[in-house]
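Data first, discussion second: the structure below is written as C-alpha cells.
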Amino acid sequence: MAEQTKASGSNSDVFQAKLMEMVAAAWTTQTLYVAAKLGVPELLAAGPLHDGELAQATGANVRSLARLMRALVALEICIIGPDGKYQLTALGSYLRRDVPGSVRGMALHWGGQLWEMWGHLLDSVMTGRNARSGEDPSAVFASFMGDSEQAAIFNQAMVNITEAVAETVLRAYDFGGIARAVDVGGGYGAMLCAVLRAYPAMRGVLFDLPQVIPGARKYLDDGGVLPRCELIEGSFFDRVPGPANACILKSIIHDWPDDRSVEILHNCAMAVNPARGKVLLVEHVMPARIEPTAAHRRAVHGDLNMMVATGGCERTEEEFKALFERAGLRLNRIVPTDSGYCVIEAVGA
Ligand SMILES: C[S@@+](CC[C@H](N)C(=O)[O-])C[C@H]1O[C@@H](n2cnc3c(N)ncnc32)[C@H](O)[C@@H]1O
C-alpha cells in the first residue's frame, strides 16, 4: 500500500511538472520576442555586455532588463561570464537578424501578431471563425500588408521558415525537367530562390500581392537569381500567370477554406500545361490518425494556427484529393520531407 502511494505520488509529480511546463509555455514566446524586439542578440553579437550597457543601448529599465537577461541565461540564449557580462550562445545567435537560419522573424511574429490571435482560440473553437470574427482571409492579409512594419515582420518570418523547409524539399523532390515555375503567393521568394539556385537552367515567376513585390525583388537579387526571375503582382483569385511547367504553392492552400482553395487551384490548373504541367503544394498533410509524436504535434499546431489566424486548416490526403478534383486536377503523389512538410503533386485530371 505504502509502495503504491509512493508510486502514484511520484507519477503525480512527473505529470504535474509536465503539465505545468505546457501550461506556462507562453513565457518563452514573450521572453524571446522581447529579446528580439530590443535587439539584444545583435548587441551581444558585437561583444559581451553588462546589464547597464544593454539597458542604455535599448532604453530599457535596468533592473527589469537584468531579470530578462537572467531568463535568457536559463533558456540558453546567453551565458554570463565571471565579469558579469552576457555573451550570446550558439543557440542564441540564431535570434540575430540576417544570419543564415535566423528565427528572429518568427520570434517577432509569434510574440506579436500571433500572440494576439491565439488569445482568441476559445472564440474560434466555439464559433468556427478565425480570431477576426470570421473575416475573409483576404482581409487578414490586407490588414497585415497595410501596416508596413507588421508586413515586413510577417514576410521575414515566412522567409525564416521557408528557407529551412526548402532545403528539405530539394533533398526529397526532383524538379528536373521544369523549365519555368511560378511561385504562387511566393512572399519574398525563399522557395523560388532555393529551387532556382539548385536548378541553374530553370526560370521562375514570383507572383504575389503588389505590396510584397519590392521586398521579393531585393531578396531574389541578394540570392543571385533575379536575372532568371520575373516578378508579377496580382491576385491568385483573378489569375495565375502562365504558361508554366509547374506552379509551386508553399503554405498557401492551408490559409484558405475549401471554396476559395478550389478557386486558387483552378487558376493554377489554367496556368500550367494540362498534359505535362504540375501543381506542387508544399504543406503538412494531416495524418488520418494522430499519435503523440513531434511530427504530429507540428501538424496539429499548424492547424490550430490556421484556425485562429485566417480560418484555414491543414488537410488530410483525402481532403486534398477532393479539392484537386473540384479544381480539375488529380493528386498524383505525396513526397514526404525531413521537415514534416510534404510535396503534394497534382497533375491534370
Ligand atoms: C503564408 S504566406 C506564404 C508565403 C510563401 N509562399 C512562403 O511559404 O514563404 C501567404 C502568401 O500569400 C500571399 N497572398 C495572399 N493573398 C493573395 C492573393 N489574393 N493573391 C496572391 N498572393 C496572395 C501573401 O501575400 C503571402 O505572401
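Taking a temperature of 25 °C and a viscosity of 0.890 mPa s, what whole-number D in µm²/s does Stokes-Einstein yield for region 242-313 with Rh from Kirkwood over alpha carbon pairs?
For the chosen part, D equals 183 µm²/s.
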Count of lysine pairs in the chain with Cα separation under 25 Å (8 or more residues apart, or interchain): 7
Long-range amide H partners of Val285 with built H, under 5 Å: Cys342
Overall dimensions of the chain by Cα: Rg and Dmax, Å: 22.5, 76
Met270 paired with Ala164, simple spin-label distance in nm, labels 7 Å along Cα-to-beta-carbon: 3.7
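Got a sec? How would Asp338, Asp258 order by Cβ neighbour count within 10 Å, fewest to most? Walk me through the intermediate numbers first.
On the way: Asp338 11, Asp258 15.
So the ranking, lowest neighbour count to highest, is Asp338, Asp258.
Taking N as the number of residues in region 1-121, what is its Cα Rg relative to 2.2 N^0.38 Å? Please report the intermediate quantities before stating the final value.
Numbers: Rg = 18.2 Å, N = 121, 2.2 N^0.38 = 13.6 Å.
Computed over Cα atoms of region 1-121, the ratio equals 1.33.
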Distance from region 24-72 to region 214-238 (C-alpha centre basis), Å: 35
Residue-wise HN-Hα coupling along region 193-199, computed from phi with Karplus coefficients 6.51, -1.76, 1.60 (Hz; x: Gly, Pro): 4, 5, 5, 5, 5, 7, 10
Cα centroid separation, region 135-209 to region 77-110 (Å): 25
Between helix 2-23 and the chain: long-axis angle, C-alpha atoms, 0 to 90°, nearest 10: 60
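For region 248-314, run through the trypsin sites (Lys or Arg not before Pro) and keep only the ones in DSSP coil with at most 11 other Cβ atoms within 10 Å of their Cβ. Walk me through the numbers before you get to the answer.
On the way: sites: Lys250, Arg260, Arg276, Lys278, Arg289, Arg297, Arg298; in loops: Arg276, Arg289.
Listed in order of number, the matching sites are Arg289.
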Calculated [θ] (222 nm, deg cm²/dmol) that DSSP helices of n ≥ 4 give over the chain, each run adding -39,500 (n - 2.57): -15000 deg cm²/dmol
Spin-label model distance (nm) - Glu230 vs Lys37, 7 Å beyond Cα toward Cβ: 4.3
Whole-percent pair-distance distribution, where bins are 5 Å wide, for the alpha carbons of region 52-200: 2, 8, 11, 14, 14, 14, 13, 11, 7, 3, 2, 0
Simple spin-label estimate for Trp115 and His50 in nanometres, 7 Å along Cα-Cβ: 2.9
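Take every Cα pair under 8 Å in region 144-221 that's 6+ residues apart, average their separations, divide by the length, and report that relative contact order as a whole percent.
31
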Listed residue (Leu122, Pro200, Met307) projecting farthest to the positive dipole end of the chain, Cβ model: Pro200
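Which net charge results when you count Lys and Arg as +1 and Asp and Glu as -1 among the other residues whose beta-carbon is under 12 Å from that of Arg132? Please list the in-between numbers first.
Details: positive: Arg129; negative: Glu116, Asp123, Glu135, Asp136.
Counting the neighbours of Arg132, the net charge comes to -3.
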Unpaired by the 4.7 Å Cβ criterion, cysteines found in the chain: Cys78, Cys193, Cys229, Cys313, Cys342
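Every read-out reported here was derived from the displayed coordinates using simple, explicitly stated rules and does not represent laboratory data. Keep in mind the model is a prediction, meaning the values are calculated, not measured. A quick note on method: Cβ atoms are made from the backbone with ideal geometry, for glycine too, and the neighbour counts reach across all protein chains shown.
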